[in-house]
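The values are calculated or read from the model by the stated rules, or taken from the named source; none is laboratory data. The model shown is predicted, which means the values in this text are computed figures rather than measured ones. Using ideal geometry, Cβ is built from the backbone for each residue, glycine included, and neighbour counts are taken over all protein chains shown. These accessible areas exclude ligands, DNA and RNA; they are computed on the full protein's heavy atoms, side chains included. Shrake-Rupley method; radii C 1.70, N 1.55, O 1.52, S 1.80 Å.
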Amino acid sequence: MVGAQNLYNFFMEHLIRLATPNDAEALSAVMRQTFWDTYHTFNTLSDMTSYMKKSYSIAQQTAEINDVSIANIILENGGEIVAFAQILEKPADKPQIIPLNSAMLARFYLTEALKGKGFAAELLEACLAETAKRGYNYLWLTVWQNNPRAIRFYEKQGFETIGTTVFTLGSDEQTDWLMLKKTQ
């Protein structure tokens, strides 16, 4: 019964907020862990390590948190980050088929304990609200074609597949779906 009570308390005590520079170290750690948990069985150790070192370092997270054109949204419980999302106003590789007034959902990960419990939808709702608050009419994302759970989630949330793009993980080029949703 103690375990059930702790689970109930977890679900009652969560908070979604924008990250601050003080979150960079913890955010970096949870990014590495959730990315590893999601993709390590499908990719080589060298590709995973190379990508995580470049993308999820503390220095990189500090720089991204301090960039006003990036919104890092975290879900925390008891001060611990357990999920995160990142919205880019000016992504470097915006495909031409994406509408002009669009921001990119560049990252969206939850720890294993949260999956399937409704928190992803709540975090995505916060992302859509932040995107609209920043004046964007659309939110777009890429999702690996070999991640059916994520694809189903985004479709259920109203995203539509509009094309494909290439995502490079280390030295491996992978095909991702491009998906789009109106924010309002």
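The selection criterion, being small (G, A, S), at pLDDT 90 or above and surrounded by fewer than 16 Cβ atoms within 10 Å (Cβ to Cβ), holds for A129.
Only residues that are polar (S, T, N, Q), open to solvent by less than 80 Å² (accessible area, probe 1.4 Å), more than 19 Å from A126 (Cα to Cα) and modelled with pLDDT of 80 or more were counted in segment 1-33, giving 1. Scanning segment 125-155 for residues that are part of a strand (DSSP E or B) and not aromatic (F, W, Y) returns L139, L141, T142, V143. Residues in segment 37-57 that are in contact (Cβ under 8 Å) with a residue 24 or more places away in the chain, open to solvent by 60 Å² or more (accessible area, probe 1.4 Å) and more than 19 Å from T111 (Cβ to Cβ): T44, S46, T49, S50.
Results for (1) modelled with pLDDT of 95 or more; (2) touching a strand residue (DSSP E or B) at 6+ places or on another chain (Cβ under 7 Å), shown as yes or no for each residue.
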residue: G118; (1), (2): no, no
residue: L123; (1), (2): no, yes
residue: Y136; (1), (2): yes, yes
residue: V143; (1), (2): no, yes
residue: T164; (1), (2): no, yes
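Filter segment 66-106 for residues that are assigned to a strand (DSSP E or B) and open to solvent by 20 Å² or more (accessible area, probe 1.4 Å) and give the result. Walk me through it before giving the result.
Looking only at segment 66-106, we keep the residues that are assigned to a strand (DSSP E or B), and these are 70-77, 80-88, 102-106.
Matches in segment 66-106: I70, E76, N77, E80, L88, M104, A106.
Pairs linking a residue in segment 156-167 that is outside any loop (DSSP other than H, G, I, E, B) to a residue that is small (G, A, S) and loosely packed, with under 15 Cβ neighbours inside 10 Å, with Cβ atoms under 9 Å and 6 or more positions apart or on different chains, are K156/A121.
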